[in-house]
Amino acid sequence: MKPNIKNIAVLTSGGDAPGMNACIRAVVRTGIYNGVNMFGVMQGYQGLINNNIIPMDARSVSNIIHLGGTILKTARCLEFKTEEGMEIAFNHLKEREIDGLVVIGGDGTFTGAQRFGKKFGIRVMGVPGTIDNDLYGSDFTLGYDTAINTVIEAIDKIRDTADSHDRLFFIEVMGRDSGCIALRSAISSGAEAVLLPERETSLDELINQLEIGAKTKKSSSIVIVSEGHKAGGAYDVAKKVKERFNHYDTKVTILGHLQRGGSPSSFDRILGSRLGYAAVNELLSGNSMQMVGLFGNEIKATSIDEALTGHNFKLESDLLEMTKVLSI
Ligand code: F6P
């Protein structure tokens, strides 16, 4: 039997990601279309604790589909990790008779949702929103496509100047535990090498790769370094290469948080819309403690437990090998 859900709240938590606004819009409008009262929680779990919960209607989400960031703001909330914090948060939902919660975020957000849902029995539905693409249960997370496009736009510009000066650039991209952004942007920008958190690349291996290019008269080289790479960030790697080969004219660029901003791509707007729509429909059908995700071209739900543990960060070694071959 379908539950009689009257009030649903939505929040964004952890690192923001382009497409979150498209998703908030879809959540709010799908709820209203189905006769549910909708609420937005400001600043993620912090807003639940601070009682910063606002009613939302169809017009609250007008003209936001194209905006980066999140209109609901976001935060990484330590207090929500405590029993007391969760209790306060739950009481604020109870006061408003909120019986469903949609959380949009990454692994930290889902870890919070998992504990919260299990402790208080509130119906929770997750949407994978992180540029890192590091959750099991969705081929793509919200914001990942836009982030790669932002990264390659920047690398294309760096390539122009690298080429003009015959330089070797080390470009650091985001991805604490996941090399998804690094690998995809290396392929799409024609980078000469890529260093990932999932694989150790020795200095010799990297230098060999660069020397192949030097011998065949490449005018510039670009090495993408994922921030989670075990041997250090772009500055460390550039220093080590320079110590061994002083003839390289090396430069370093850290792309940093610009990768998280900007107007979402069409892909992320559509994904955000589909996931938000599906999240509310799943709650209305009686499902809970799940995450909606994209498999091929279908939206399916995976349990939050599995979403958190199923990802083994398997390296796509075929893509890595291809990157190497195509960069000669
Ligand atoms: O959103 C994920 C992520 O971008 C990681 O790739 C990065 O390590 C982290 O967030 C940085 O987050 P912040 O600086 O906002 O705490």
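Key figures for this structure:
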item: Computed over the chain: relative contact order in percent, which uses C-alpha pairs under 8 Å that are six or more apart; result: 24
item: Longest DSSP-loop-exposure-free segment, chymotrypsin sites (Phe, Trp or Tyr not before Pro), the chain, at most 15 other Cβ within 10 Å; result: 1-244
item: Sparse-neighbourhood loop sites, GluC sites (Glu not before Pro) in the range 1-100 - DSSP loop, at most 12 other Cβ within 10 angstrom; result: 97
item: Low-density loop cleavage sites - GluC sites (Glu not before Pro) in the range 144-203, where at most 14 other Cβ are within 10 Å (DSSP); result: 200
item: Span-rule helices in the chain, defined as complete DSSP H runs reaching 24 Å or more along the axis (Cα) with Kyte mean at least 0.0; result: 266-284
item: Most fluctuating residue given options 125, 56, 291, as computed from a GNM of the chain linking Cα atoms under 10 Å; result: 56
item: Size of charge dipole - the chain - debye, nearest 20, with Cβ of Lys, Arg +1 and Asp, Glu -1, no other charges; result: 600
item: Per DSSP, loop trypsin sites (Lys or Arg not before Pro) in the range 207-266 with at most 11 further Cβ within 10 Å; result: 217
item: Order of 20, 289 - criterion: other Cβ atoms within 10 Å of each residue's Cβ, fewest first; result: 289, 20
item: Unit charges on C-beta of K, R, D, E only; dipole of the range 1-151, Debye; result: 440
item: Amide H contacts of residue 100 (H built 1.01 Å from N, under 5 Å, at least 5 apart or other chain); result: 7, 9
item: Shape call, the range 146-260: gyration tensor on alpha carbons, a/c limit 1.5; result: oblate
item: Computed magnitude of the charge dipole of the range 146-260 (debye, nearest 20; Cβ of K, R +1, Cβ of D, E -1); result: 100
item: The range 1-142: relative contact order as a whole-number percent, Cα under 8 Å and 6+ apart; result: 30
item: Local electrostatic count, residue 178, Cβ distance below 9 Å [Lys/Arg +1, Asp/Glu -1]; result: -3
item: Prolate/oblate/rounded call for the range 278-318, Cα gyration tensor, a/c under 1.5 rounded; result: oblate
item: Summed side-chain charge close to residue 76 - residues other than residue 76 whose Cβ falls under 15 Å, Lys, Arg +1, Asp, Glu -1; result: 0
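Rule-based calculations on the coordinates, nothing more; no lab input. This structure is a prediction, so every number in the text was calculated from the model and none was measured. Using ideal geometry, Cβ is built from the backbone for each residue, glycine included, and neighbour counts are taken over all protein chains shown.
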